[in-house]
Amino acid sequence: MAIKYSREKLGDGIHYTTIVNSRQKTNTMIIHLITELSAENASVNAIIPYVLSGSSGSFPTLTELNKKLSELYGAVIKGAVSKVGDSQDLALMAGCINNRYTFEGEKITEEMTSMLAGCLTDPHIENDRFFEKDFELKKQELLDDIDAEINEKRSYAFKRANLNIFRDEPAAVSVKGSREQAEKITAASAYEQYKKLLKTAQIEIIFVGAEASESCKTILAEALSKIDRAYSGDNTSKKSPLKSDLCRVTEPHDVAQSKMVMAFKTDYENSVSMKLMNAVFGATPISKLFMNVREKLSLCYYCSSGYNDKKGVLYVDSGVEHTNTGKAEAEIINQLEAVKKGDFSDEEMENARRAMINTLRGIGDGARSIADWYFNQSYSGKSDSPYDQIEKLNAVTRDDIIAAANSLSLDTVYVLTGKESDR
């Protein structure tokens, strides 16, 4: 059975998406609060989904919440925060088995949805602020997460590179903000920001299951109808402008191998062609970067590319010996020049296409992956299914790939390197 998709408006800036897939054995509900990413509010926004997912007015402690979830055949509720282009996405997620698998026909999906609605709209409040004890635990977790970012050197290099790639743009901001900002958050300030977000944020609700649930939609519609909305408009992302001069930044750090991030920018509109170009260039184990820069020339421990279609940026991410960063950069550019000239075989192109098609076909296998797919479609103002993308992908020609590659210009080269190394 094909995946069925529908999206409808529930209120001012509030939409409800239903994704029906007969293969699903579980039901998943995700509520996204989407707002502009800013250095001032990133940290206080980031803590909110974690605070909300741990209690509610009806279940004021995590113990009570988890006890009830256990009774619902091990249902789960959790929070998450992520970056989408120039926006910050605060998500509350819930999941449980389908009602048909319960022993006595219990309506656990509806109960789970009611609990999720309570977490969102009726949090545990004391003296006009989040409950202090629970809040302080979540604040410490946020501070620990921010501190831990420096230990994962590959992602830390990306974070530092983004400061330069997206200079003066919202996308430059770390999704969890800075330790300095996080330390300033109080239970009262977080509660005030929460109330503001409920009023102003773009709200996207996504339900994934084997069959649609009108009752779950009604539960959420009623809960959200009580909010006095002052909706500020849908969030969008702008393509990142190319800098007038190449930006080069080398930062010393205690690392065993250098981490190099190169950013190429484009205003190319055909994102499907760019994604196939990216697969040929560096996004697969059969790409030019992997086969040549990593395997044949052994210039990198890892070397791959990725494309951010919302910002129009193609990244090349590599781990390199300190003394080889210059050689690696030159060879990465050389491989891109080869794609620009059409120096790739039909076999390379078709293998890349097949790899992408296999990935697209697998999106419907998981509730989270299909939910994320349609969330990103909604954010971009589109409604393509994975199979629509496959049709578009099959139509991409060699000339399209060449045109996509030629639209790319090097914008930033960032290197996180050993303190004693010379480039």
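The values are calculated or read from the model by the stated rules, or taken from the named source; none is laboratory data. In this text, all values refer to a predicted model and were calculated from it rather than measured experimentally. FYI the Cβ positions are ideal-geometry reconstructions off the backbone, even for glycines, and counts take in every protein chain you see. With ligands, DNA and RNA removed, areas are computed over all heavy atoms of the protein, side chains included. Shrake-Rupley method; radii C 1.70, N 1.55, O 1.52, S 1.80 Å.
Of note:
- Backbone geometry of the stretch 7-13 corresponds, through the Karplus equation with coefficients 6.51, -1.76 and 1.60 at θ = phi - 60°, to 3J(HN,Hα) couplings of 9, 9, 8, 9, x, 5, x Hz, x marking Gly and Pro.
- Out-of-range pairs (alpha-carbon distance over 24 Å; input Lys153/Lys238; Lys83/Lys107; Lys139/Lys159; Lys153/Lys195; Lys67/Lys176; Lys83/Lys259): Lys153/Lys238; Lys83/Lys107; Lys153/Lys195; Lys67/Lys176
- In terms of its C-alpha gyration tensor, the stretch 295-423 has a prolate overall shape, because the principal axis ratio a/c (a ≥ b ≥ c, square roots of the eigenvalues) is not below 1.5 and a/b outweighs b/c.
- When only the Cβ of Lys, Arg, Asp and Glu is charged (+1, +1, -1, -1), the dipole of the chain relative to its Cα centre reaches about 420 debye.
- Nonlocal Lys pairs with alpha-carbon distance under 13 Å, the stretch 270-423 (8 or more apart, or different chains): 5
- Among the cysteines of the chain, those with no neighbouring cysteine Cβ under 4.7 Å are Cys96, Cys119, Cys216, Cys247.
- Projected onto planes of every orientation and averaged, the convex hull of the alpha-carbon atoms in the chain covers 21.4 nm².
- Projected area, mean over directions - the stretch 86-207, Cα convex hull, nm²: 10.6
- At q = 0.12, 0.15, 0.28 Å⁻¹, base-10 log of I(q)/I(0) for the stretch 141-199 (Debye sum, equal scatterers on each alpha carbon): -0.38, -0.57, -1.11
- Histogram of C-alpha separations across the stretch 169-261, 10 Å bin width, %: 10, 23, 28, 22, 12, 5
- A simple count of charges around Thr121, restricted to other residues whose Cβ falls under 13 Å of its Cβ and scoring Lys, Arg +1 and Asp, Glu -1, yields +1.
- Ligands, DNA and RNA are left out, and with a 1.4 angstrom probe the accessible area of the chain is 44 Å² per residue.
- Computed over the chain with a Gaussian network model linking Cα atoms closer than 10 Å, the most mobile of Lys392, Lys217, Lys153 is Lys392.
- Where Rh is the Kirkwood radius over Cα pairs, Rg/Rh for the stretch 1-158: 1.00
- Dipole moment magnitude, nearest 20 debye, the stretch 1-144 about Cα centre, only Lys, Arg, Asp, Glu C-beta charged: 720
- 0 to 90° range, to nearest 10: angle between helix 325-340 axis and the chain longest Cα axis: 90
- Projecting the Cα atoms of Ile332, Ala148, Gln257 onto the charge dipole of the chain (Cβ charges, centred on the Cα centre) puts Ile332 farthest toward the positive pole.
- Beta bridges assigned by DSSP with both partners in the chain are antiparallel in approximately 80 percent of cases.
- Highest-MSF residue in the chain out of Ile150, Ile31, Ile357 [GNM, Cα springs under 10 Å]: Ile150
- Three-way shape label, the stretch 363-423, alpha-carbon gyration tensor, a/c 1.5: oblate
- Of all accessible heavy-atom area on the chain, the percent that carbon and sulfur account for (1.4 Å): 48
- Top of Glu331, Glu211, Glu126 by mean-square fluctuation, Gaussian network on the chain, Cα under 10 Å: Glu126
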